[in-house]
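Scroll down for the structure; my scribbles are underneath it.
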Amino acid sequence: MNVISVIKDKIRNAPEKMIPFRTYMEYALYHPQSGYYQRYNQKIGKKGDFYTNVSVGSVYGEVMADVIWEMIVKLPDDRPRAIVEIGGGTGQLSAQILHYFKEKRLLPLQNITYIIIESSNYHRRLQKETLETFRDMVEIRWYESMAQAKKEIPELRGVLFSNELADAFPVHLIEYRDGEWQEVYVTENKNSTQKFSEKLGPLSVPELGVYIKRENIPSLEGYRTEVNLAALQWMIEMAEWLTQGYVLTVDYGYERKILYAPSRNAGTLLCYRAHTVSENPYKYPGECDMTSHVNFSALMDAGMLHGLETIGFYSQQQFLIQAGILTRLQGHAGGDPFASKAAKRNRAIRQLIMPEGMGQAFCVLIQAKKTDHKLACCRPWDF
């Protein structure tokens, strides 16, 4: 059954013949058989739907490897430690990190397990193929969820990291109309080529009201925005699992004062298909990626309440420069700049750090629990 039929059945079986947008987005992206992330097709890169930091080149993975290694070696080696990537995608970032470890002769890893938490069967298969060459140098484990991983590793010591993950969690859509906050629901559209339409209704869960008040979202007529309760639960789950170590989060997003500015009255929800951006999430359900910007202030607050201290929050430009990416620039002797590996690498660095590239599009959050906070990438920004 395709995802459109699945969603239609869900709507038809709902008491009011409508479902919260969050439910619609969850099915469109994560349905086990026909959701976007479960489909067996390329999603990242030139032949996919969008680019990521990782697809620009290996230099991003090299910098991340340096940062992760600095973090992991700060933890005492008398007990097991783990490096955990949540939402590993194709496995390309993990491959870049482990390849860099190999080049630096840090493999085989002693008393350190490499863990990938990935809900998609398709991506787990790709990851295992991509990382096969490292299996004899490091213990690599896969889990479908943090809950599954915690059954085998109840207390985690190490580094948890993610790259462009929380922005794709299913979100509630809310809108201020007629003097009150309402939620966006999805209904079946029987008289149009577009199979679904929207309808406003009451907030589906009480947590939405609490969030709206806490975040001080502007009560302006017609103001629409997203609420990512799943990201908060994800942060709490990481904080409760980690007994000692670091959490490193890279994603699209803002602090609350920017994300919920009065001028940002249409929200940030976007869809990506074949490198074309759309604001219409109903045109290609199951065939496009859907994202919304992350509320980093809320993630910091949720982490703090559960023992994670924020030790760094930067634009990607700031983070990568502090982590030494400029030292990776290479000289080249002219000629065809598109044929030179050094020139290509330098272009990748530029794309990663320049404001008009990815430098201001992404933010980096670093949190810690029971650790030495002195990290090279967390020094004060002085450029």
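The values are calculated or read from the model by the stated rules, or taken from the named source; none is laboratory data. The structure presented is a predicted model; accordingly, all values stated were derived computationally and were not measured. Counting neighbours? That spans all protein chains shown, and the Cβs are built from the backbone with ideal geometry, glycine included. Ligands, DNA and RNA are excluded from the accessible area calculation, which covers all protein heavy atoms including side chains. Shrake-Rupley method; radii C 1.70, N 1.55, O 1.52, S 1.80 Å.
For segment 232-260, which residues satisfy the criterion of being of a type in the set (Asp, Glu), open to solvent by 10 Å² or more (accessible area, probe 1.4 Å) and closer than 25 Å to Ala323 by Cβ?
Of the residues in segment 232-260, the ones of a type in the set (Asp, Glu) are 237, 240, 251, 255.
In the following step, the residues that additionally are open to solvent by 10 Å² or more (accessible area, probe 1.4 Å) were identified as 237, 240, 255.
Of everything in segment 232-260, just one residue is of a type in the set (Asp, Glu), open to solvent by 10 Å² or more (accessible area, probe 1.4 Å) and closer than 25 Å to Ala323 by Cβ, namely Glu255.
Here are some conditions: (1) under 25 Å from the mean Cα position of the chain (by Cα); (2) surrounded by fewer than 18 Cβ atoms within 10 Å (Cβ to Cβ); (3) farther than 19 Å from Arg157 by Cα; (4) modelled with pLDDT of 90 or more. Glu70 meets all but one. Which one does it not meet? Result: Glu70 passes all but (3).
Pairing residues of segment 191-210 that are on the phi > 0 side of the Ramachandran plot and open to solvent by less than 80 Å² (accessible area, probe 1.4 Å) with residues that are hydroxyl-bearing (Ser, Thr, Tyr) and in a strand (DSSP E or B), at Cβ distances under 8 Å and at least 6 apart in sequence or on separate chains, gives no pairs at all.
Within the set of pairs 6 or more residues apart or between chains, which connect a residue that is under 15 Å from Gln244 (Cα atoms) and small (Gly, Ala, Ser) inside segment 142-160 to a residue that is open to solvent by less than 40 Å² (accessible area, probe 1.4 Å) and outside any strand (DSSP E or B) with Cβ atoms less than 8 Å apart? These pairs meet every condition: Gly158/Ile72; Gly158/Leu75. Within segment 288-311, the residues that satisfy the criterion of being of a type in the set (Asp, Glu) and more than 17 Å from the chain's Cα centre (by Cα) are Asp301, Glu309. Taking the listed residues Pro281, Pro262, the one that is in contact with a Pro (Cβ under 8 Å, 6 or more places away or on another chain) and under 17 Å from Thr225 (Cβ atoms) is Pro262, with no other qualifying.
Taken together, Ile353, Ile311 contain a single residue that is at pLDDT 90 or above and surrounded by fewer than 19 Cβ atoms within 10 Å (Cβ to Cβ), which is Ile311.
Quick one: is Gly267 in contact (Cβ under 8 Å) with a residue 60 or more places away in the chain, more than 30 Å from Trp69 (Cβ to Cβ), open to solvent by less than 10 Å² (accessible area, probe 1.4 Å) and not polar (S, T, N, Q)? Considered against the rule, which asks whether it is in contact (Cβ under 8 Å) with a residue 60 or more places away in the chain, more than 30 Å from Trp69 (Cβ to Cβ), open to solvent by less than 10 Å² (accessible area, probe 1.4 Å) and not polar (S, T, N, Q), Gly267 comes out as no.
When the residues of segment 93-119 are filtered to those that are among the aliphatic types (A, V, I, L, M) and touching a residue at least 40 places away in the same chain (Cβ under 8 Å), which remaining residue is surrounded by the most Cβ atoms within 10 Å (Cβ to Cβ)? Spell out the reasoning first.
First pass over segment 93-119, keeping only residues among the aliphatic types (A, V, I, L, M): 93, 95, 97-98, 106-107, 109, 112, 115-117.
This time we only want the ones that are touching a residue at least 40 places away in the same chain (Cβ under 8 Å), so: 93, 98, 112.
Values: Leu93: 28, Leu98: 25, Ile112: 23.
Among them, the one singled out is Leu93.
Give the residue that is farthest from the chain's Cα centre (by Cα), with candidates limited to residues of segment 118-137 that are closer than 21 Å to Met71 by Cβ and modelled with pLDDT of 95 or more. It comes out as Phe134.
Evaluated against (1) in contact with an Asp or Glu (Cβ under 7 Å, 6 or more places away or on another chain); (2) open to solvent by 10 Å² or more (accessible area, probe 1.4 Å); (3) within 30 Å of Gln38 (Cβ to Cβ), Cys288 falls short on exactly one condition, (2).
Only residues that are assigned to a loop (DSSP other than H, G, I, E, B) and either open to solvent by 60 Å² or more (accessible area, probe 1.4 Å) or touching a residue at least 60 places away in the same chain (Cβ under 8 Å) (or both) were counted in segment 1-35, giving 11. The requirement of being among the charged types (D, E, K, R) and either open to solvent by 20 Å² or more (accessible area, probe 1.4 Å) or free of Cβ contacts under 8 Å to residues at least 40 places away in the same chain (or both) is not satisfied by Glu183.
Among the residues of segment 186-219, write down those that are more than 11 Å from Ile174 (Cα to Cα) and of a type in the set (A, V, I, L, M, F, W, C). Hits for segment 186-219 are Val186, Phe196, Val205, Val210.
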